[in-house]
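Read the structure below first, then the notes.
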Amino acid sequence: MSEDRLMVTVSGVRGTIGSTLTPQVACQFGLAYGTMLGAGKTVVIGRDTRPSGPMIQSAVSAGLMACGVSVIDLGVATTPGIALMVTRLKADGGVILTASHNPIQYNGIKFLQPSGPAMTAESAAKLKEIWQSGKFTMVDSLHQGELSRNTKTHIEHTNAVCELVDTLGIAAKRYKVVLDSINGAGCVVSPMLLGGRLGCELSHLN
């Protein structure tokens, strides 16, 4: 991917921090998503461990709140964990800040449906159209969205996984596991699941 190009696709937005993905661009996409959802709605937002994450998160959140959309900050969380919290918290949408496998200079913004999955092609096209038009529906100071914090993503995520597997059977095996979470978003939830809920003998790196 060219470092001087902002990618806007069905998968979301991805660019280079300080070049194509700036606070202004991030805020504009927050405004576009907030305009599409409408005032009075609620969105969850989470991020990976990239250094640019807090800055991009603040910018996107500001755009959403300016449109009257309340934001629930999930902090550092995995992509499936954030998608899960959309449904757990009965939110109207979600935002994931990550650039997946790309190097540290990149970051991205992914938008979710109320049911948790990524946007449809039609919804993504509508969001892009609003962003390109620059016609955002903002509210006055008495109707701006609220910002709150939720720290239960990792617990909800591990609970959801454990509902699908034989936890007692796995724990009885006392598997020895070496985990290198490469300082990523799974660095907290993975040890909770493997060493805590599944009873593995865990050696955790990074």
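The values are calculated or read from the model by the stated rules, or taken from the named source; none is laboratory data. Computed from a prediction, not measured in an experiment: that's the story for all the values here. Quick reminder, even Gly has a Cβ in these numbers, built from the backbone with ideal geometry, and neighbours come from all protein chains shown.
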Q) Only one of ALA66, ALA59 is touching a Pro at 6+ places or on another chain (Cβ under 8 Å) and assigned by TED's automatic domain parsing to the domain that holds GLY145; which? A) ALA59
**Q.** From ALA26, ALA99, residue being over 27 Å from ILE155 (Cα atoms) and crowded, with 21+ Cβ neighbours inside 10 Å
**A.** ALA26
Q: Would you confirm whether any residue within segment 35-56 is more than 28 Å from ALA160 (Cβ to Cβ) and under 14 Å from the mean Cα position of the chain (by Cα)?
A: yes
Q. In segment 175-206, which residues are surrounded by 11 or more Cβ atoms within 10 Å (Cβ to Cβ), of a type outside the set (A, V, I, L, M) and part of a loop (DSSP other than H, G, I, E, B)?
A. TYR175, SER181, ASN183, GLY184, GLY199, CYS200
**Q.** Those residues of segment 29-47 which are out of contact with any helix residue (DSSP H, G or I) (no Cβ under 7 Å at 6 or more places or on another chain) and crowded, with 19+ Cβ neighbours inside 10 Å, in sequence order
**A.** LEU37, LYS41, THR42
(Q) Looking at segment 161-185, I want the residues that are within 17 Å of HIS204 (Cβ to Cβ) and have a partner that is part of a helix (DSSP H, G or I) and among the polar types (S, T, N, Q) with Cβ atoms under 8 Å, at least 6 apart or on another chain. Which pairs are those? (A) LEU179/SER190; SER181/SER190; ALA185/THR79
(Q) Looking only at segment 163-188, count every residue that is under 23 Å from LEU74 (Cα atoms) and at pLDDT 95 or above and tell me the total. (A) 1
Q) Tally time: how many residues in segment 9-47 are closer than 24 Å to LEU84 by Cα and not in a helix (DSSP H, G or I)? A) 16
Q: Count, please, the residues in segment 72-91 that happen to be without any contact (Cβ under 8 Å) to a residue 60 or more places away in the chain and either buried (at least 18 other Cβ atoms within 10 Å of the Cβ) or not in a loop (DSSP other than H, G, I, E, B) (or both).
A: 4
